[in-house]
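This report concerns only the one structure given below.
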Number of protein chains: 2
Amino acid sequence: MKVALAQLNYIIGDFEGNAAKIIEHIEKAKNAGADLVVFSELSVTGYYPHDLLEKKEFIRKAEETVKQLTASCNGIAAIVGAPRINENERGKTLYNSAFFLADGKIQSVHNKTLLPTYDIFDEYRHFEPNRDFHRIEYKGERIAITICEDLWDEQPTANEFGKNKLYRVSPMEELAKLNPGFMVNISASPFSYNQENWRKDVLVSKAKKFNTPIFYVNQTGAQTELIFDGGSVFINEQGEIIKELKYFEEDFLIVETENSGETSLQPKTDRIEKIHDALVLGIRDYFRKMGFKQATLGLSGGIDSAVTLVLAVRALGPENVRVLLMPSKYSSDHSVKDALHLAENLGIRYDIVKIQDAVDEFEKELVPLFEGTQSGIAEENIQARARGIYLMAISNKFGHILLNTTNKSECAVGYGTLYGDMNGGLAVLGDVYKTDVFKMARFMNRDREIIPENTIIKPPSAELRPDQKDTDSLPEYEVLDEILFSFIEQNLSPREIENKGFDAEVVKKVIRLVNINEYKRFQAAPILRVSSKAFGFGRKMPLVAKY
Amino acid sequence: MKVALAQLNYIIGDFEGNAAKIIEHIEKAKNAGADLVVFSELSVTGYYPHDLLEKKEFIRKAEETVKQLTASCNGIAAIVGAPRINENERGKTLYNSAFFLADGKIQSVHNKTLLPTYDIFDEYRHFEPNRDFHRIEYKGERIAITICEDLWDEQPTANEFGKNKLYRVSPMEELAKLNPGFMVNISASPFSYNQENWRKDVLVSKAKKFNTPIFYVNQTGAQTELIFDGGSVFINEQGEIIKELKYFEEDFLIVETENSGETSLQPKTDRIEKIHDALVLGIRDYFRKMGFKQATLGLSGGIDSAVTLVLAVRALGPENVRVLLMPSKYSSDHSVKDALHLAENLGIRYDIVKIQDAVDEFEKELVPLFEGTQSGIAEENIQARARGIYLMAISNKFGHILLNTTNKSECAVGYGTLYGDMNGGLAVLGDVYKTDVFKMARFMNRDREIIPENTIIKPPSAELRPDQKDTDSLPEYEVLDEILFSFIEQNLSPREIENKGFDAEVVKKVIRLVNINEYKRFQAAPILRVSSKAFGFGRKMPLVAKY
């Protein structure tokens, strides 16, 4: 049997657009002689529609769209994903379903059994788990269908307290009893730099254990914070990856089950390059799917805004990015020079605006109220917020979306001004630790110097007071980032982190900073997720707590 | 049997404080001759700890605290709520459990069966559902325990597409087979102005159906957005509410099962009064539990800041609230006069700061960049953001938490400036429609004029340009709020809302405004929840979507 893997980029709720894309690829598969074409999980609606799933009209539209697709399925079969109403009296309103379409009809429906409800996943909010296992018979082939998490009844966990058998059922085990010739898994599995290997391990181990070839089709493209990396595969019954589709872009491939031909895999990339590619896609899709074209940001001469800018230019083109340089009296000369140098390297528009006069006006007006107090954080924040006003003025006037340049280390310890440099429509580096931001800068400069060397080597500083350095109040980033990773990604206790060899006082201070800044992150811009635990909706901490 | 209902206010993660409070009430119950004292759901940790439940040390601490409580349970039994590790190989890491403590030991543990995972609830994220039903035998009494949602196997829904039988099991039905003498339900059921009656209906119908008295113990107090209203009850087997504890405060009552004495209910209050009391508690607990005392806000002379201020003064005392008056050239004289008048009525500190000079500096600096453009939203927003800078300067300098004054109608249609008047640590009116804000002002003035009459009767305006009125760009609030309620709380489609008698164009425009402003709400302050569908974590909409 010839099976086509259609790895596509959908827009949530864009039924017309998604259907057109699906129909185009059904035709393409048919013309290439495929018997079956497979699309990803919830391909009709895009993954994940969240509470749009609670709107009746949304579900009706999804049903109509699936029916509309059946018209294209003559002489070829297709598997598409869509929500579907649970007709039973009891249980959640919907199933997360795969529809098998052939001969102009919906031939069968297969519901998702394991509903991920952890980290960024929230599927039990909307879906009832499947309890009924059946297979497809088509052109003499026995096909079993699973949906994404259905293969993950055993899974690795980054957090040692996490369980690796979250579910009581193994859908593969149930389906194996039906003796399928091969297995199709339709997925919407978001990128994180640890996830890609876990995913391959799970697929390979399942194919081996059940001695069954697996066609795995993932979606690609970004949906606000989540970046879906594609990387669909065909794995033979020995658990060998025979075909691997592209990462971070759409791809399409036809595989013959009996004679799958030569092994063809994607080139290996390292972690920083993957994160780089993920972020470029994350920015590009956020703008494209929102209907925006242009971005702005504040260029300080520091490394975070430099790396964010390069990513933005790669995602949107230099003609669509403009920046403001907003030096204050505490900005060093070289900061301005480095910023100018970078803007010129990239060929983007820049403007310089002075913040001091406006800051002075605020301070003058506050003199009677602040009498007898020492200059401190309140005054520093006025500078950061005045910059925010200029950037938002550009954004409001010309429709440029403000990109936030905060990195994960800063975001973790609250080293940023709410309503100031925390502003932005999208936080590009919010899931990238500072030490990785440096590595990313080096990676960007590997062929030629784009980011000025001085930006990379100078000690990081917010430049909100004379001679300020980040290390005045924070440990070195090498130490900070390891403590943060242990606490955030690995969920270790202070004691366990100390046991890795860190100073108890430093550990305590860092964890305290993370905890007391939940309120700031609550109001932060959406963060492009690249790790196994990003700030945002995958990490829910109570704001008011004593712990 | 004498059963004590302990309706208390816990702090999330404050094991020492919560334990001390529980022990104090065990002693109190014992001294009053009670046989059993009942505390609410997750009383040991406070409800809801969110992803703190993913920390091993947090769970260990909860276990230790439960053990510590057993020492007080001699000569009296207690039921407390805490998370507990699921020792089975498969399933989620934890159970949400009730511990029955007597004779200095944990006598039995009862796990929650129905795990609410919708709206603001997220319990399947952390907990495995119970499948094992057993009862307590104590002093010759057969006691069945359920936890909150366990009674809600049938439930009313505000949204007609919602299902009213979300679960496949009825814990009451299972427990009824064990022939209990009475039922205890430990709860953490948050207030919404529709919820209170639903809750009573459910309790009454269950008591009747199973012919079993029910002791229902709810927690009280606010946890950031969620306000728990208490209102614990004892219902007899005929389904009559015999005892009702206070709303929005701690309470304690002993009931004799054989002779429960006279019926004693709480005075009836109307919807606006309930919302008023909920918001006062919401503000008070946010500050108290965060360790803050003082609040600030911008007083414009309009109704939203006036009502917010009165609530803040009632929650924190006039000595803990200070305001800024920040008129611009577009502010009318009466606005300043009304604001002064209110501040004086309340006896709070106020300062007047001018925003115009700072605004002028920004505009001057932007002249070359804005050349050839018309003055519009970009310029209006500079005013709102300059005000934000002053308020945050007060907040940063003196530690006053900024209260946000945005109402639900504005929040819905995006009528507010991000990083300007949307600033704040807590949004007090974010779940109160404008028409209800007016009613609340009247309610506050029922004994004497606190809020100046002129603030209530003048046409609402943001005063960001000459003679601006809200109705320039929005329908009248009576119309707007009904459309919003139909769309947000009831989840109706545009067609269904039109069918209620609204103009199709107006409906379309309002819904479009709601949809395109998800990005603003994403960065909004936490909102005190008083309705069945508040903006915030109980309503998750994709930011990037075409729908």
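The values are calculated or read from the model by the stated rules, or taken from the named source; none is laboratory data. Since the structure is predicted, the reported quantities are computational estimates derived from the model, not experimental observations. Because the Cβ atoms are built from the backbone with ideal geometry, glycine has one as well, and the counts that use them run over all protein chains shown. Protein only, heavy atoms only, side chains kept; ligands, DNA and RNA dropped before computing areas. Shrake-Rupley method; radii C 1.70, N 1.55, O 1.52, S 1.80 Å.
Would you confirm, using the coordinates I've provided, whether A:LEU402 is at pLDDT 95 or above, surrounded by 21 or more Cβ atoms within 10 Å (Cβ to Cβ), in a strand (DSSP E or B) and within 13 Å of another protein chain (Cβ to nearest Cβ)?
Yes: the conditions hold for A:LEU402.
Once region A:122-137 is narrowed to residues that are among the aromatic types (Phe, Trp, Tyr) and open to solvent by 30 Å² or more (accessible area, probe 1.4 Å), the residue that is nearest to the other protein chains (Cβ to nearest Cβ) is A:TYR124.
Picking from residues in region A:64-89 that are over 29 Å from the mean Cα position of the chain (by Cα) and of a type in the set (D, E, K, R), the one that is farthest from the other protein chains (Cβ to nearest Cβ) is A:LYS67. When A:ALA312 is tested against (1) assigned to a helix (DSSP H, G or I); (2) modelled with pLDDT under 95, exactly one condition is not met: (2).
Would you pick out the residues in region A:90-108 that are open to solvent by 10 Å² or more (accessible area, probe 1.4 Å) and more than 9 Å from chain B (Cβ to nearest Cβ)?
Pass one, region A:90-108, residues open to solvent by 10 Å² or more (accessible area, probe 1.4 Å): A:90, A:93, A:95, A:99, A:103-108.
Once the filter is applied, which keeps residues that are open to solvent by 10 Å² or more (accessible area, probe 1.4 Å) and more than 9 Å from chain B (Cβ to nearest Cβ), region A:90-108 yields A:TYR95, A:PHE99, A:ASP103, A:GLY104, A:LYS105, A:ILE106, A:GLN107, A:SER108.
Residues considered: A:PHE287, A:PHE292. Of these, the only one that is assigned to a loop (DSSP other than H, G, I, E, B) and not small (Gly, Ala, Ser) is A:PHE292.
Number of residues in region B:315-342 that are touching a residue at least 40 places away in the same chain (Cβ under 8 Å), assigned to a helix (DSSP H, G or I) and closer than 17 Å to B:ASN404 by Cα: the value is 1.
Criterion applied to A:PHE287, A:PHE210, A:PHE252 was being free of Cβ contacts under 8 Å to residues at least 40 places away in the same chain and of a type in the set (Phe, Trp, Tyr), and the one residue passing it is A:PHE210. When residues of region A:492-540 are filtered for being within 19 Å of the chain's Cα centre (by Cα), more than 9 Å from chain B (Cβ to nearest Cβ) and among the polar types (S, T, N, Q), how many remain? Final tally of qualifying residues: 2. Exactly one residue out of A:ASN86, A:ASN111 is modelled with pLDDT of 95 or more, closer than 27 Å to A:ALA4 by Cβ and either open to solvent by less than 10 Å² (accessible area, probe 1.4 Å) or of a type in the set (S, T, N, Q) (or both): that is A:ASN111.
Annotation: of all residues in region B:144-171 being crowded, with 24+ Cβ neighbours inside 10 Å and more than 14 Å from chain A (Cβ to nearest Cβ), the one that is farthest from the chain's Cα centre (by Cα) is B:ALA144. Mind checking whether some residue in region B:178-187 is in a loop (DSSP other than H, G, I, E, B), within 19 Å of the chain's Cα centre (by Cα) and crowded, with 18+ Cβ neighbours inside 10 Å? Checking region B:178-187: at least one residue is in a loop (DSSP other than H, G, I, E, B), within 19 Å of the chain's Cα centre (by Cα) and crowded, with 18+ Cβ neighbours inside 10 Å.
Residue check: A:LYS56 meets all listed conditions (1) under 27 Å from A:ASN259 (Cα atoms); (2) among the basic types (Lys, Arg); (3) within 13 Å of another protein chain (Cβ to nearest Cβ) but one, namely (1). Is there a residue being crowded, with 22+ Cβ neighbours inside 10 Å, within 11 Å of another protein chain (Cβ to nearest Cβ) and either within 30 Å of A:LYS243 (Cβ to Cβ) or more than 34 Å from the chain's Cα centre (by Cα) (or both) anywhere in region A:303-317? No. When the residues of region B:215-238 are filtered to those that are closer than 15 Å to B:GLU41 by Cβ and in contact with a helix residue (DSSP H, G or I) (Cβ under 6 Å, 6 or more places away or on another chain), which remaining residue is nearest to the other protein chains (Cβ to nearest Cβ)? Ranking the candidates gives B:GLY221 first.
Residues of region B:37-50 that are within 25 Å of the chain's Cα centre (by Cα) and touching a residue at least 40 places away in the same chain (Cβ under 8 Å): B:VAL38, B:PHE39, B:SER40, B:GLU41, B:LEU42, B:SER43, B:GLY46, B:TYR47, B:TYR48, B:HIS50.
Identify, by number, the condition in (1) away from chain A (no Cβ under 14 Å); (2) closer than 30 Å to A:TRP152 by Cα; (3) among the acidic types (Asp, Glu) that B:GLU41 doesn't meet. Among (1) away from chain A (no Cβ under 14 Å); (2) closer than 30 Å to A:TRP152 by Cα; (3) among the acidic types (Asp, Glu), B:GLU41 violates only (2). Does any residue of region A:355-367 turn out to be of a type outside the set (S, T, N, Q), more than 24 Å from B:GLN383 (Cβ to Cβ) and surrounded by fewer than 22 Cβ atoms within 10 Å (Cβ to Cβ)? No: region A:355-367 contains no residue that is of a type outside the set (S, T, N, Q), more than 24 Å from B:GLN383 (Cβ to Cβ) and surrounded by fewer than 22 Cβ atoms within 10 Å (Cβ to Cβ).
Just one of the listed residues (A:THR117, A:THR113) is within 25 Å of the chain's Cα centre (by Cα) and without any contact (Cβ under 8 Å) to a residue 24 or more places away in the chain, namely A:THR117.
Selection over region A:375-391 of residues that are more than 9 Å from chain B (Cβ to nearest Cβ) and either modelled with pLDDT of 95 or more or open to solvent by less than 10 Å² (accessible area, probe 1.4 Å) (or both) gives a count of 4. Those strands (runs of 3 or more DSSP E) of region A:193-253 in which 1 or more residues are of a type outside the set (A, V, I, L, M, F, W, C) and surrounded by 23 or more Cβ atoms within 10 Å (Cβ to Cβ) occupy A:214-217, A:220-223, A:226-229.
Determine whether A:LEU418 is of a type outside the set (Ser, Thr, Tyr) and within 14 Å of chain B (Cβ to nearest Cβ). Answer is yes for this residue.
Is there any pair linking a residue in region B:446-461 that is modelled with pLDDT of 95 or more to one that is assigned to a loop (DSSP other than H, G, I, E, B) and surrounded by 13 or more Cβ atoms within 10 Å (Cβ to Cβ), with Cβ under 6 Å and at least six apart or on different chains, and which? Within 6 Å, the pairs are B:ILE451/B:ASN445.
Look at (1) open to solvent by 30 Å² or more (accessible area, probe 1.4 Å); (2) more than 31 Å from the chain's Cα centre (by Cα); (3) under 25 Å from B:GLY425 (Cβ atoms) and you find that A:TYR415 fails only one, number (2). Within region A:369-394, being in contact with a strand residue (DSSP E or B) (Cβ under 8 Å, 6 or more places away or on another chain) and more than 20 Å from A:LEU418 (Cα to Cα) holds for one residue alone: A:LEU369. The set of residues from region B:51-83 being open to solvent by 30 Å² or more (accessible area, probe 1.4 Å) and under 24 Å from A:LYS163 (Cα atoms) comprises B:GLU54, B:LYS56, B:GLU57, B:ARG60, B:LYS61, B:GLU63, B:GLU64.
Just give me the residues in region A:325-354 being open to solvent by less than 20 Å² (accessible area, probe 1.4 Å) and touching a Leu at 6+ places or on another chain (Cβ under 7 Å), in sequence order. Hits for region A:325-354 are A:LEU325, A:ALA339, A:LEU342, A:ALA343, A:VAL353. Scanning region B:422-456 for residues that are under 20 Å from B:ASP338 (Cβ atoms), touching a Ser or Thr at 6+ places or on another chain (Cβ under 7 Å) and not in a helix (DSSP H, G or I) yields B:VAL428, B:LEU429.
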